Amino acid sequence: MVAQQTTLTRPRLNFWQIWNMSFGFLGIQFGFALQNANMSRIFQTLGAELDEISILWLAAPTTGLLVQPVIGYMSDRTWNRLGRRKPYFLVGAILASLTLIVMPSASVLWVAAGLLWILDASINISMEPFRALVADMLPPAQRTTGFAVQSFFIGTGVVVASALPWVLNNWFGVSNTAPAGEIPPSVTWAFYLGAFAFITAVVWTVVRTKEYPPEMFHSIHDNGQQVSKAGFMDGFREIMGDFARMPKTMIQLAFVQYFSWLALFAMWLYTTAAVTNHIYGTTDTTSKLYNEGADWVGILFAAYNGFAAILAFLLPPLARVTSRKTVHAISLIAGGIGLASMYFIQDPDLLLLSMVGVGLAWASILSMPYAILAGSLPPAKMGIYMGIFNFFIVIPQITAAAVLGWFVKNVFNDQAVYVLIAGGVSMFIAAALVAVVKDDDGRTTAYTEAVRDTISKDLKIKP
């Protein structure tokens, strides 16, 4: 018999319950992948110069810097018929899906840049509550698995979405070229299909996952202590106060995240320009050769995410044998080698080898930092801290957007491939910084079967 004053613990969930709560990430990543693989192509198609591409991306990460901590703060205090985190998944999915439908109709640069702003904000509304949901629902011993399942869906969604323009062109005969200033039909239809996938996957998680009710959540996490409900200014002050009081592990991970995501954003911004110029030898966006190269970039992005989806399930057992820090450092080194190697390759097919290393890094970036972080955060503030943690994803993106264009024009002589080498070096720096991170992996935490069974019965959890 469990004493009344004993703080309850989370029940262990079975695989299909973890699967269902993470399935919405499949849809989110359709939007994320279509954005990353095609927006630079769209900007160039609409007349952007090479050094302007990074500036056109600037609004998107800036939006994330503001949106995610606010959404995290709000979701920590939300309880309604849908749940705690699920209302934000759904609202973000609706807004993002509508934006994906409108995006291919953009005919001028400023409209495309504005739609990217809205799309990124909408994805952010959905994304961080998903991260917080895993931390809410899973005991520490299952968090690595939970974030690994998310990584699987992230990888799978990006594989399909990134490859869509190439698949539509090569398998279904949808044209991948268009007159100057028009977005090719293969890209247009890829965005339409992505909108459908986004909303469908998120609705699946909303319907199939039952969150803890408020009284049970607080019994599990803090023995009845609840976060206060506050107004906007009080909330802003609280966010800033929590930012100033970040746990030590979070501060240490912030530096790792900064250099990891600086490398990733460099890759997303300039792989299309690097591959089409360095390997295909053209900068003419209306040419068949350029669009073949741009389509192949979509395949490369699909490939690294495919490798990530496969490798995601290998990371938890490797982390148990070694440590999460060791796995993450090795993965980042592999990613750095993958990015830097693209300079030395002339055969487009061989670029797939580079993507193996990038895929391993991506799988780890999407799971290990969050698994390490979750054990250091107060449960009642999981959402807000997950949002604040996004600062260290967004700040390097802002850095990349602000300075990479200048480097391409003034240092790299319009050779975008050198940006990829710089990204590789940034990955190496991130790997070195993993050594200073303190990881409390929660292996010593014990759970009684009686408490697990009681909570599972009360929640009526079903696969």
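Side notes on the structure shown:
- Cα centroid separation, the range 278-330 to the range 167-186 (Å): 23
- Sites residue 409 and residue 237, calculated FRET efficiency, Cβ-Cβ separation with R0 35 Å, nearest 0.05: 0.25
- Using only side-chain charges placed at the Cβ, +1 for Lys and Arg and -1 for Asp and Glu, the dipole size of the chain relative to its Cα centre rounds to 1520 debye.
- When the Cα gyration tensor is reduced to axis lengths a ≥ b ≥ c, the ratio a/c is 1.5 or higher for the range 1-155, and with a/b above b/c it is classed as prolate.
- For 284, 242, 440, the sequence from fewest to most other C-beta atoms within 10 Å is 284, 440, 242.
- Greater than 23 Å apart at Cα, pairs in 381/438; 248/381; 86/248; 86/325: 86/248; 86/325
- For the chain, the orientation-averaged shadow of the C-alpha convex hull comes to 20.7 nm² (one quarter of the hull surface).
- As a calculated quantity, the FRET efficiency between residue 192 and residue 170 at R0 = 22 Å, using C-beta atoms, amounts to about 0.75.
- Inter-site label distance for residue 347 and residue 101 at 7 Å from Cα along Cβ, in nm: 4.5
- The length gained by stretching the chain between residue 79 and residue 321 to full extension, at 0.36 nm per residue less their Cα-Cα distance, is 83.2 nm.
- Think of the range 15-459 as a dipole: +1 on every Lys or Arg Cβ, -1 on every Asp or Glu Cβ, centred on the Cα centre; then among 296, 310, 389, 389 lies furthest on the positive end.
- Label-point separation in nm, residue 177 to residue 283, each point 7 Å along Cα→Cβ: 2.1
- Membrane-span-like helices in the chain, defined here as complete DSSP H runs extending at least 30 Å along the helix axis by their C-alpha atoms with mean Kyte-Doolittle hydropathy no lower than 0.5, are 109-137, 140-172, 185-208, 248-274, 288-311; this is a sequence and geometry rule, not a statement about a membrane.
- Note on 143, 208, 131: ascending count of other Cβ atoms within 10 Å places them as 208, 143, 131, the fewest first.
None of the figures in this text is laboratory data; all of them are computed from the coordinates on show. Given the structure is predicted, the values throughout are model-derived calculations rather than measurements. Please note: Cβ atoms are built from the backbone with ideal geometry, for glycine as well, and neighbour counts cover all protein chains shown.
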